[in-house]
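Undergrad: Starting off with a structure, shown below.
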Amino acid sequence: MKLSHFNFNLPKELLAEFPAENRDESRLMVIDRKKNTIEHKMFKDVINYFDDGDVLILNNTKVFPARLYGNKEKTGARIEVFLLRELNSEQRLWDVLVDPARKIRIGNKLYFGDDDSLVAEVIDNTTSRGRTLRFLYDGSYEEFRNKLTELGETPIPKYINREVTAEDAERYQTIYAKEEGAVAAPTAGLHFSKHLLKKLEIKGVNFAEVTLHVGLGTFNPVEVEDLSKHKMDSEELIINQQACDIVNEAKAKKKRICAVGTTSMRAIESSVSSQNTLNPYEGWTNKFIFPPHDFSIANCMITNFHTPKSTLLMMISAFCGHDLMKKAYDEAIKEGYKFYSYGDAMLIL
């Protein structure tokens, strides 16, 4: 399969600018791979597809307010600083992206907050927009992290052409988010309300939690026609023994095992044993899933509608089957489904 197989015309008005009023009331397209059928439901109807002993695999990463605005010393130019990952907590070194990048050179200082209480010095160039910053702040590490949280804003994706609202801080986060470290939300999970999770639990559905800290690489379009040449960014992944036990028991009993989102799917596919069971894992993964791919753990998945040429779309093609996926996407566009982070959802059985 080539990159050109994953291009399609996505009308601008189908990119969701805001989330649905209620989490579980977005639309749900249900695709049955065996029957080759497509149905249209509401997200809360997802409960009808799961029974006692089935498992949902959730990515419990938590998005931190990664987007900061500072001013460059002397000129006062406004600079956006996007925190990617912490490199060293003692030295307060961070890997960041800056915009506009051409103005930001090694040795420059940036000032944050109305009182300039937080300062950062540029100590290295990493990529065209990437820099390493050393933050200077009078206070303990905990106070420094609190300051970052106070000054940062929710990193909603760039395609959303509006100011960040207070609502985004809540809605661009799953209700089961626990482990801070993502700069983008695992968006399939945004559709679950507390009420819906409770109803699934009462029905006997089990939840296995994994942690994959989603990086900005998730938004990188593929730019090589030969997919095998594409390099994924590495992301931190933790799968504990408890999650493995829940998943492997369900697998042994031939239950439905559903990966909630492409990040959960990438997490579990990164740690498969030779017996096709899930292994514990702690480290980094840069796994890129594209057709053809044999999926070892999950036999169903929940995902949003993805943009053309994205790695996410390629994974869906591998899981769903390319022709059925194309048919589903054509129908989604015709029916006015909303795409991307705040968009509608798809259940693939």
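Undergrad: Consider D344 carefully, then state whether it is crowded, with 23+ Cβ neighbours inside 10 Å, of a type outside the set (A, V, I, L, M, F, W, C) and more than 14 Å from the chain's Cα centre (by Cα).
TA: Criteria met by D344.
Undergrad: Sticking with this one: Please determine, by comparing only the residues of region 153-163 that are part of a loop (DSSP other than H, G, I, E, B) and touching a Lys or Arg at 6+ places or on another chain (Cβ under 8 Å), which one is surrounded by the fewest Cβ atoms within 10 Å (Cβ to Cβ).
TA: Only one residue fits best here, namely T154.
Undergrad: Considering only residues that are within 17 Å of D99 (Cβ to Cβ), open to solvent by less than 40 Å² (accessible area, probe 1.4 Å) and not hydrophobic (A, V, I, L, M, F, W, C), which ones fall in region 48-75?
TA: Within region 48-75, P65, R67, G70, K72 meet the criteria.
Undergrad: What pairs come up if the first residue lies in region 315-328 and is under 13 Å from G261 (Cα atoms), the second is assigned to a helix (DSSP H, G or I) and open to solvent by less than 30 Å² (accessible area, probe 1.4 Å), and their beta carbons are under 6 Å apart, counting only those six or more places apart or on different chains?
TA: Every condition considered, the pairs that remain are M315/T262; I316/M325.
Undergrad: While we're here: Would you pick out the residues in region 186-196 that are closer than 10 Å to T174 by Cβ and either hydrophobic (A, V, I, L, M, F, W, C) or open to solvent by less than 20 Å² (accessible area, probe 1.4 Å) (or both)?
TA: P186, A188, G189, L190, H191, F192 - these are the residues of region 186-196 that are closer than 10 Å to T174 by Cβ and either hydrophobic (A, V, I, L, M, F, W, C) or open to solvent by less than 20 Å² (accessible area, probe 1.4 Å) (or both).
Undergrad: A further question on this structure: Can you tell me which residue among E150, E39 is farther than 29 Å from L212 by Cα, surrounded by fewer than 17 Cβ atoms within 10 Å (Cβ to Cβ) and charged (D, E, K, R)? Show your work before the answer.
TA: Numbers: E150 fails: farther than 29 Å from L212 by Cα.
Just one listed residue meets the conditions, E39.
Undergrad: Within region 87-127, can you find the residues that are in a helix (DSSP H, G or I) and open to solvent by 30 Å² or more (accessible area, probe 1.4 Å)?
TA: Of everything in region 87-127, those that are in a helix (DSSP H, G or I) and open to solvent by 30 Å² or more (accessible area, probe 1.4 Å) turn out to be R102, K103.
Undergrad: Could we say that N9 is out of contact with any Leu (no Cβ under 9 Å at 6 or more places or on another chain), polar (S, T, N, Q), open to solvent by 50 Å² or more (accessible area, probe 1.4 Å) and part of a loop (DSSP other than H, G, I, E, B) here?
TA: When the stated conditions are applied, N9 passes them.
Undergrad: Moving on to the next point. Just to be sure I understand, how many residues within region 202-218 are surrounded by fewer than 15 Cβ atoms within 10 Å (Cβ to Cβ) and not in a loop (DSSP other than H, G, I, E, B)?
TA: Of the residues in region 202-218, 1 are surrounded by fewer than 15 Cβ atoms within 10 Å (Cβ to Cβ) and not in a loop (DSSP other than H, G, I, E, B).
Undergrad: While we're looking at this one, here's another question. Would you mind stating whether T285 is in the same structural domain as F6 (by the TED database), of a type in the set (V, I, T) and touching a Leu at 6+ places or on another chain (Cβ under 6 Å)?
TA: The answer is yes for T285.
Undergrad: Just to be sure, is T174 on the phi < 0 side of the Ramachandran plot, assigned to a loop (DSSP other than H, G, I, E, B), among the polar types (S, T, N, Q) and assigned by the TED database to the domain that holds E235?
TA: yes
Undergrad: Also, quick follow-up: Being open to solvent by less than 30 Å² (accessible area, probe 1.4 Å) and assigned to a helix (DSSP H, G or I) is the filter; apply it to region 219-256 and report the residue that is farthest from V205 (Cα to Cα).
TA: Per the stated criteria, the residue is L227.
The values are calculated or read from the model by the stated rules, or taken from the named source; none is laboratory data. These numbers come from a predicted model, not from an experiment. Backbone-built Cβ (ideal geometry, glycine too); neighbour counts: all protein chains shown. In case anyone asks, the SASA skips ligands and DNA or RNA and just uses the protein heavy atoms, side chains included. Shrake-Rupley method; radii C 1.70, N 1.55, O 1.52, S 1.80 Å.
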